[in-house]
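Notes for the one structure printed next.
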């Protein structure tokens, strides 16, 4: 059995490219159909209703383009709208980023104290706390919204005084609470790994969901016998769709993806607006 | 002659409340119909096409609600979409925030060197440079995108180390260029007045467009004989419409408005989405 259809990856903008990168690292022959809703980004401070509305429009668009699996690469969407997305896309497997990240953290914490940082919307749902405590109910979880990290990354300020100052502002509280493990609960944050590690010190392990999500995607495709038989480079055959401002996308790609995207296209996912 | 219809104020979110506040200070009997498109905020990093699309939807909504004048309180919309808005709203007077701010700066600069800070979209259009040089062609204008100031204000971080660090990051360059006057070309920035003044020193005058825009609105209403004859408090009779997350709005109002809003409502401006 083989399935040459692309893996769909949904994100509110560019952050999900960190997940696409890990997908290509683990499964170099799989191709991706990426959709970034940058006309509505960032999602992280919006209401649940609005996040659900925007992300369902995108999911319908991706499903209409014959994907074999959907990875919801955005922590905010995974926290707020995964159930609705699963209901809308009942025939294909769906993976969010929350559960893979939560599982990895549970395996690593010795003190049974895990910190989670993310956007307002992600933290407000307590999705990570629920996911972690469904595996280990005796684990204490401390969540902290750290919204400034998104625009800092978007502006390319990954190693500046202002970034270190923001890291101190958000993270000292989690250090004081004694966590030994911290989930970077937003795909942008992995680009701040060095500044964050420099701020919290080496006693706290940082966990980035991107790698664990790609691994789970690989496991599911294998189990369902949906792995491609193609020997071409999936990276070269992938398509990247955005709902706004393609010039901006191309300028920022290097940061999130570590290279150029093979094909960037503008799309209108909600017909007429 | 008297006209008791409200003044429409359009903004991408909450920043325009700083303009509403100045309107009530100058014209306490005028009432306002405020529309903040926070479902799509922030506008500042979007493409011109998308900013025009979102703002025209809002303008059509406001015009459909019988306003006597429209103040475009958002620098980004004023820079990118004012012509389109004037074409769409041909029967009522329109004021943006760019020209009033530019006029005030031209009156003040002795060195004929003006700095402008704003969002990416505002700075990209060079709207302030064009407005200033149409009045004084020998004035040099230095524009600098300072996008982090918006999320800092949105997070309520108006007087923190991270804010001072961002101010240094953006403003040292303008100080070195020798400007003697700086336009705060985004309605959020007036809330950072103290930190910005502390960073640039007292030799540089800061100009906030909100007051000058309200003054221009007053002059136009007077000239066109559209001033209300009502003696009621306009502030108490005003309505504030938002396209997303009213809870968030109510939490943040104090910062932008200095008090509670009389009536906050959710509206769907683009029918069905």
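Check whether at least one residue in the stretch A:231-244 is more than 19 Å from the chain's Cα centre (by Cα) and either buried (at least 19 other Cβ atoms within 10 Å of the Cβ) or under 16 Å from residue A:11 (Cα atoms) (or both), and report yes or no.
Yes, the stretch A:231-244 contains at least one residue that is more than 19 Å from the chain's Cα centre (by Cα) and either buried (at least 19 other Cβ atoms within 10 Å of the Cβ) or under 16 Å from residue A:11 (Cα atoms) (or both).
Would a scan of the stretch B:98-109 turn up a residue that is closer than 20 Å to residue B:12 by Cβ and over 16 Å from the mean Cα position of the chain (by Cα)?
no
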For this session: Taking only the stretch B:156-188 into account, find how many residues are within 14 Å of chain A (Cβ to nearest Cβ), under 24 Å from residue B:210 (Cβ atoms) and touching a residue at least 24 places away in the same chain (Cβ under 8 Å).
Result: 10
Exercise. Looking at residue A:15, is it in the same structural domain as residue A:248 (by TED's automatic domain parsing), in a loop (DSSP other than H, G, I, E, B), more than 20 Å from residue A:234 (Cα to Cα) and touching a helix residue (DSSP H, G or I) at 6+ places or on another chain (Cβ under 8 Å)?
Worked result: no
For this session: Can you confirm whether the stretch A:61-69 contains a residue that is at positive phi and in the same structural domain as residue A:231 (by TED's automatic domain parsing)?
Result: yes
Seminar exercise, completed: Every listed condition ((1) touching a strand residue (DSSP E or B) at 6+ places or on another chain (Cβ under 6 Å); (2) within 14 Å of chain A (Cβ to nearest Cβ)) holds for residue B:205 save (2)
Seminar exercise, completed: Reported set for the stretch A:247-273 where residues are modelled with pLDDT under 85 and surrounded by fewer than 16 Cβ atoms within 10 Å (Cβ to Cβ) is A:247, A:250, A:251, A:271, A:272, A:273
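Every residue in the stretch B:133-150 that is without any contact (Cβ under 8 Å) to a residue 60 or more places away in the chain and within 14 Å of chain A (Cβ to nearest Cβ), please.
Matches in the stretch B:133-150: B:144, B:145, B:146, B:148, B:149.
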Problem set entry | Matching residues, the stretch A:243-271, being closer than 20 Å to residue A:210 by Cα and in contact with a helix residue (DSSP H, G or I) (Cβ under 9 Å, 6 or more places away or on another chain) | A:252, A:253, A:255, A:256, A:257, A:258, A:259, A:260, A:261
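The values are calculated or read from the model by the stated rules, or taken from the named source; none is laboratory data. Computed from a prediction, not measured in an experiment: that's the story for all the values here. Reconstructed Cβ throughout: ideal geometry from the backbone, glycine too, with neighbour counts over all protein chains shown.
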